[in-house]
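The structure appears below as structure tokens.
The values are calculated or read from the model by the stated rules, or taken from the named source; none is laboratory data. Since we're looking at a predicted model, the values are computed, not measured. In this analysis, Cβ positions are derived from the backbone assuming ideal geometry, glycine residues included, and neighbour counts consider all displayed protein chains. Just so you know, the surface numbers come from the protein's heavy atoms only, side chains and all, with ligands and any DNA or RNA stripped out. Shrake-Rupley method; radii C 1.70, N 1.55, O 1.52, S 1.80 Å.
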Amino acid sequence: MNPRTTGILVLVAAALGAFIYFYEIQGGEKRREAEEREKRLFSAVEPADIAWIELAPGGVTAAKLERRDGKWQLVSPLDFPGDAVAADSLASTLATLASESTLEGPGPPEEYGLGDSARVVRFGVGETQHELRLGKDAPVGQGTYASTGSGAVYTVARYKATSFDKSPDDLREKRVLDFDREAIRRIEASWPGGKVVLVREGEPPSWKIAEPIQGRADEETVETLLEDLATLRADGFVDAPPPDAEAGLAPPAFTIALESPGEGEGAAPRVVHFAIGAEQGEHRLARGAQASLYTIPKARLDAMPRDLAAWRWKQVARFDMTEAHAADFFFQAASGDPVVIHAERGENGWTSSPEAFAEGKLEMALAELSHLRAEGIESDAPDEASLRKRGLAPPNAVITVFGARPAGERPAEGESAPALPVLAEVQVGDIEGSEWIAARAAGDPTLYKLAHAFAEQVPVSLDAFRNRFRAEEKPATPPAEEPPKAPEDSEDFPAPGAESP
């Protein structure tokens, strides 16, 4: 084919493709958008333009929401923060509500339930007020009759029409507390017979107990509490609360104050208060920032730490399993010298000697040690007698986990190799005759309480290792018997290759 002709054909094809793209695809999308907008009952309204919404569903108390400083506020029948998700959904539905059909020559509004019995939704955009009336369900299809005051009668999707059937409680903010978890710098919690004050300080920031003792706080307990409070939702509301004594709030079963820095230089700190009161069936009354009381599930009180030990640091060991390179399991023997099982990770996984762990048991033990938290604390500074009573003077078992030697760190000629870095060292006491297992961490004088389940994951004695964690020894294979050997010069057993007589 002539090159010139080929070039012309390529240009024609490109032009045709561009025409199809811009006219059929992009143009088609714009036409569809325009057609959909024309079907909207309020085509000039966008969700963000709606300043207020008033619902007057049949047989339900009217409710009105207003947008204030970017947040929704319920202003009728009472003043209360609005549910942002519910309010935004209403605004979006109003702005995009489309007609599925328009009745020709409609009868009187009462015929379609659009008279006095209609469900009415009013909303404002700037100085303009709009009205949507919702009536009966259409006899055919999944539509509901609707009108906007223009005299026309439409059908709209039934599921969208029912989305406006909301009571005032449906539009109220169910979140009990509003705070930024990362901004909290001080926590004060109290309960009958106890109190604790925590502060978040240092770099990187960490939680510490300031009262009634001073020490490191349990980060997991604090973060779990903040998560629970941030996600706490009310099941209901009590807008005419009884006196505090009747509501169980004098004194409360649990109170907490969350403090964060104020906005702007020199501003007072922002403090969020919360209190849990008396039981009401399967719920408890609770007080937040509003005058109304909330009802919350009764079990939520159980999740609140109401014991000083629950707030205290109880991390006995913590390390990254991928950084573990070796481990020593030191066991006191009933008689004779202690036994040490040395484990090491190689290219083919973990191995141990002089006695081998059963398959998977060593990895299970190290995984448990990598995030070992105590159930409680027995003593901050136990004396020698207490340690001896708990099997920790000397320890019944000592488990040490080592990291890898830093890359490139080699001993000079004639020098011994530097010790491997210690990731964790746990001393374990006797488990017999106790409701818990005594344990200590190297360098920490605290006597911790471990649950008995720990002994199911980690060998806590030589007997436990040999009975539940050691690999079974394979029986020795007896040597194979050799066939009888013919004596030399025997007539009965001639030499190979010799002829028989």
Listing of strands (runs of 3 or more DSSP E) fully contained in segment 324-384 that carry 3 or more residues being open to solvent by 40 Å² or more (accessible area, probe 1.4 Å) and at pLDDT below 95: none
Close pairs from segment 203-220: first touching a residue at least 40 places away in the same chain (Cβ under 8 Å) and among the basic types (Lys, Arg), partner open to solvent by less than 40 Å² (accessible area, probe 1.4 Å) and in a strand (DSSP E or B), Cβ under 9 Å, at least 6 apart: Arg216/Ser206; Arg216/Trp207; Arg216/Ile209; Arg216/Gln315
Filtered residues of segment 418-448 (kept if at pLDDT below 95 and open to solvent by 60 Å² or more (accessible area, probe 1.4 Å)): Ala419, Asp430, Glu432, Gly433, Glu435, Gly443, Pro445
Strands (runs of 3 or more DSSP E) (entirely within segment 186-264) containing at least 1 residues that are among the polar types (S, T, N, Q): 186-191, 206-211, 254-260
Any hit, segment 311-321, residues being under 24 Å from Thr231 (Cβ atoms), aromatic (Phe, Trp, Tyr), touching a helix residue (DSSP H, G or I) at 6+ places or on another chain (Cβ under 8 Å) and not in a strand (DSSP E or B): yes
In segment 205-228, the residues that are touching a Phe, Trp or Tyr at 6+ places or on another chain (Cβ under 7 Å) and either at pLDDT 95 or above or closer than 28 Å to Ala299 by Cβ (or both): Ile209, Ala217, Asp218, Glu219, Thr221, Val222
Candidate set from segment 106-144 (those that are outside any loop (DSSP other than H, G, I, E, B) and among the polar types (S, T, N, Q)); member that is farthest from Ile53 (Cα to Cα): Thr144
Scan of segment 59-105 for residues that are assigned to a loop (DSSP other than H, G, I, E, B) and open to solvent by 50 Å² or more (accessible area, probe 1.4 Å), ordered by number: Gly59, Val60, Thr61, Asp69, Gly70, Pro77, Asp79, Glu100, Glu104, Gly105
